[in-house]
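Notes for the one structure printed next.
The values are calculated or read from the model by the stated rules, or taken from the named source; none is laboratory data. None of the values given here were measured: they were computed from a predicted structure. Glycine also receives a Cβ, built like all others from the backbone with ideal geometry; neighbour counts cover every protein chain displayed.
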Amino acid sequence: MKSPLLTTLLLPLSLSLTLAANLPENGGFEDPPVSARATIQDGGDPTNGGSGPGWSKIRPKKADSLGEIVLGLTNEVAHSGKQSLFVEFNHFLGGANGAALVSEMLPVQPGQDYLFSIWNRLDANSPVTTSGTAILKINIGYFTSDATPVAGKSLNTYAPLAPGRGNAELSAQEWSVIERKAPTPADAAFARITLIWQSDAAEVTGTVFFDDVALAIHPK
Ligand SMILES: [Ca+2]
């Protein structure tokens, strides 16, 4: 039997570990609830108008001569819970001029081995078609305790979203995970995740679902 003192000591520790293993809040895209595929404008805004939780900014690529990228939430498929984020490329040929989703400032522990992960799956009704590739760019910026950017220490990586182009497990039949090691700098107190959808110069059409964005301490 645990002593009351031990239980008291263990409780805050286990609570902080739980939080540390599940950043950002709403990484599972369950908030706000939707009853169908819903764009940002139609109630599928994971930032809830910029008030969070978890996500602070979202920017679709509005339709023009370079096509568009539509973002929102859907209950069609989910890796966890009932919902995921959908990213719909529609004759997009804007290259780096794409769409983005930005997290809130997430508290992290300095000098730790973190693992960033995000699950992805193609839409069986509209898989990505392109002569080049669609790209998910992942940027993790770090900040000190007074929110000053930690210079030169951000993580920049990317994953191709067209099958057979370096993201071999991506399919419409099942979810697969994109993982990147993300060690925190020694003076980091916060991290901010920016997800950017773009392409190389080729035209892209098709939809990819994303779920369960996490930044968690990597088990040694
Ligand atoms: Ca989910």
Quiz item: If you check Val70, Val77, which single one turns out to be within 16 Å of the ligand (Cβ to nearest atom) and either farther than 14 Å from Phe29 by Cα or in contact with a strand residue (DSSP E or B) (Cβ under 6 Å, 6 or more places away or on another chain) (or both)?
Solution: Val77
Quiz item: Take the residues of segment 52-67 that are among the charged types (D, E, K, R) and within 23 Å of Thr133 (Cβ to Cβ): which is farthest from the ligand (Cβ to nearest atom)?
Solution: Asp64
Quiz item: So how many residues does segment 135-169 have that are at pLDDT below 90, surrounded by fewer than 18 Cβ atoms within 10 Å (Cβ to Cβ) and of a type in the set (Gly, Ala, Ser)?
Solution: 5
Practice problem: Would you please name the residue that is modelled with the highest pLDDT, looking only at residues in segment 1-46 that are more than 16 Å from the ligand (Cβ to nearest atom) and among the hydroxyl-bearing types (Ser, Thr, Tyr)? | Solution: Thr39
Quiz item: Assuming Ala186 fulfils every condition listed in (1) touching a Gly at 6+ places or on another chain (Cβ under 7 Å); (2) within 27 Å of Arg37 (Cβ to Cβ) apart from one, which condition is it?
Solution: (2)
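Select, from Asn97, Asn90, Asn125, the only residue that is more than 16 Å from the ligand (Cβ to nearest atom) and either under 26 Å from Pro183 (Cα atoms) or not in a loop (DSSP other than H, G, I, E, B) (or both).
When all the criteria are applied, what remains is Asn90.
Does at least one position in segment 159-172 carry a residue that is assigned to a strand (DSSP E or B) and within 19 Å of the chain's Cα centre (by Cα)?
Within segment 159-172, the first condition is being assigned to a strand (DSSP E or B), and the residues that meet it are 159-160.
From what's left, within 19 Å of the chain's Cα centre (by Cα): 159-160.
Scanning segment 159-172 turns up at least one residue that is assigned to a strand (DSSP E or B) and within 19 Å of the chain's Cα centre (by Cα).
Yes or no, residue by residue, for (1) within 24 Å of Phe143 (Cβ to Cβ); (2) crowded, with 18+ Cβ neighbours inside 10 Å; (3) in contact with a Cys (Cβ under 7 Å, 6 or more places away or on another chain):
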{"residue": "Ala38", "(1), (2), (3)": "no, yes, no"}
{"residue": "Thr47", "(1), (2), (3)": "yes, yes, no"}
{"residue": "Trp55", "(1), (2), (3)": "yes, yes, no"}
{"residue": "Ser65", "(1), (2), (3)": "no, no, no"}
{"residue": "Gly81", "(1), (2), (3)": "no, no, no"}
{"residue": "Ser84", "(1), (2), (3)": "no, yes, no"}
{"residue": "Pro110", "(1), (2), (3)": "yes, no, no"}
Self-check item: Among (1) in contact with a His (Cβ under 9 Å, 6 or more places away or on another chain); (2) within 16 Å of the ligand (Cβ to nearest atom) - the single one Val204 does not satisfy
Solution: (2)
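Tell me which residues, restricted to segment 137-158, are assigned to a loop (DSSP other than H, G, I, E, B) and in contact (Cβ under 8 Å) with a residue 12 or more places away in the chain. So that I can check it myself, show each step before the final result.
Our first condition is that a residue be assigned to a loop (DSSP other than H, G, I, E, B); within segment 137-158, this holds for 144-148, 150-154.
Once the filter is applied, which keeps residues that are assigned to a loop (DSSP other than H, G, I, E, B) and in contact (Cβ under 8 Å) with a residue 12 or more places away in the chain, segment 137-158 yields Thr144, Ser145, Ala147, Val150, Lys153, Ser154.
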Quiz item: When Asp31 is evaluated against the numbered criteria (1) touching a residue at least 24 places away in the same chain (Cβ under 8 Å); (2) in a loop (DSSP other than H, G, I, E, B), which criterion, by number, is the only one it fails?
Solution: (1)
Quiz item: Somewhere in segment 177-199, is a residue without any contact (Cβ under 8 Å) to a residue 24 or more places away in the chain and touching a strand residue (DSSP E or B) at 6+ places or on another chain (Cβ under 8 Å)?
Solution: no
